[in-house]
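Q: Dropping the structure in here first, questions after.
The values are calculated or read from the model by the stated rules, or taken from the named source; none is laboratory data. For clarity, every value in this text was computed on a predicted model and none was experimentally measured. Here Cβ is always computed from backbone atoms with ideal geometry, including for glycine, and neighbour counts include all displayed protein chains.
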Amino acid sequence: MKSLVGREIIQLLKREITLELKQRYALNAILLYVVSTVFVCYLSFKTLVDVPTWNALFWIIILFTAVNATSKSFSTESRGRLLYYYTLASAQAIILSRIIYNALLMLVITLAGYFIYSLLIGNLVQDQPYFLLALVLGSSGFSSILTLVAAIAAKTRQNSTLMAILSFPVVIPMLIVLIRFSKNAVDGLDHSIQSPYIFALLSINLIVVALAYMLFPFLWRD
């Protein structure tokens, strides 16, 4: 059973990546959003900002980018396509493949955003490896939370409103941990201080993925 789900996830991932490479609508639109947002911040500040503002502003941009990237994960799918997916793969494979795809998409966008952000506003990070780890954990965490919420919200007509309400209680605690973790990396603090934050971020990611794996089949049957 596990090997079957694994094969289904790989096939669904290949399909999603192939469609994105052919169309590139989502990636191009989100990259344009990131570039324009960072450029507006650059025009607003003009000079190098202090560390807390630099760090918080970066994660706010990434959060809203993640919302734009994942909000239409299920709402744009036609009923016929969803029925085709229902006959093609298991519910677990579908939700896990969407989470992995959105995590990869968010990681590419986050790294591109970090490069553009550093280029225009400046780079204050002293501990690059741990800041990059924060980018990876943040991208995967936002994508898993928002993909699950998008799947729930897609079952209602008030998709955007319900998504904002459901994601707020989970995203905000994760955002707080990310800001503190990345702030320590920017300041170059000792790695022993970072362990609780890494554990908290990994725990949130694993809990959300486990919830998606268990709850999505009930949504899928409807």
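Q: How many of the residues in the range 29-68 are surrounded by fewer than 17 Cβ atoms within 10 Å (Cβ to Cβ) and within 18 Å of LEU175 (Cβ to Cβ)? Lay out the reasoning, then the answer.
A: So the first thing to find is which residues in the range 29-68 are surrounded by fewer than 17 Cβ atoms within 10 Å (Cβ to Cβ), and the list is 29, 32, 35-36, 39-40, 42-48, 50-53, 56, 60, 64, 68.
This time we only want the ones that are within 18 Å of LEU175 (Cβ to Cβ), so: 51-53, 56, 60, 64, 68.
Looking only at that region, the number is 7.
Q: Among the listed residues SER167, SER195, identify the single one that is under 30 Å from ALA154 (Cβ atoms) and among the polar types (S, T, N, Q).
A: Numbers: SER195 fails: under 30 Å from ALA154 (Cβ atoms).
Checking each option against the conditions leaves just SER167.
Q: Test each condition in (1) over 18 Å from VAL208 (Cα atoms); (2) in contact (Cβ under 8 Å) with a residue 40 or more places away in the chain; (3) not hydrophobic (A, V, I, L, M, F, W, C) for ASN123 and report the one that comes out false.
A: Tallying (1) over 18 Å from VAL208 (Cα atoms); (2) in contact (Cβ under 8 Å) with a residue 40 or more places away in the chain; (3) not hydrophobic (A, V, I, L, M, F, W, C), ASN123 fails exactly one: (2).
Q: Of the numbered conditions (1) closer than 21 Å to SER97 by Cα; (2) at pLDDT below 90, SER160 fails exactly one; give the number of that condition.
A: (1)
Q: Hey, does the range 165-184 have a residue that's polar (S, T, N, Q), under 21 Å from ALA69 (Cα atoms) and in contact with a Ser or Thr (Cβ under 9 Å, 6 or more places away or on another chain)? Reasoning before the result, please.
A: So in the range 165-184, the residues polar (S, T, N, Q) come out as 167, 182, 184.
If we keep only those that are under 21 Å from ALA69 (Cα atoms) as well, we get 167.
Then drop every residue that is not in contact with a Ser or Thr (Cβ under 9 Å, 6 or more places away or on another chain), which leaves none.
Checking the range 165-184: not a single residue is polar (S, T, N, Q), under 21 Å from ALA69 (Cα atoms) and in contact with a Ser or Thr (Cβ under 9 Å, 6 or more places away or on another chain).
Q: Kindly indicate whether any position in the range 202-219 is at pLDDT below 85 and exposed (fewer than 13 other Cβ atoms within 10 Å of the Cβ). Even if it seems obvious, please write down each step before you answer.
A: To start, the set of residues in the range 202-219 that are at pLDDT below 85 comprises 215-219.
From the residues that got through so far, the ones that are exposed (fewer than 13 other Cβ atoms within 10 Å of the Cβ) too are 218.
Scanning the range 202-219, I find at least one residue that is at pLDDT below 85 and exposed (fewer than 13 other Cβ atoms within 10 Å of the Cβ), so the answer is yes.
Q: Filtering the range 114-123 down to residues that are at pLDDT 90 or above and in contact with a helix residue (DSSP H, G or I) (Cβ under 6 Å, 6 or more places away or on another chain), which residue is farthest from PHE58 (Cα to Cα)?
A: ILE116
Q: Scan (1) surrounded by 13 or more Cβ atoms within 10 Å (Cβ to Cβ); (2) closer than 20 Å to TRP59 by Cα for the single condition GLN128 breaks and write down its number.
A: All conditions pass for GLN128, except number (1).
Q: Right, something else. Evaluate the range 22-34: report whether one residue or more is under 27 Å from VAL177 (Cα atoms), at pLDDT 85 or above and more than 18 Å from the chain's Cα centre (by Cα).
A: no
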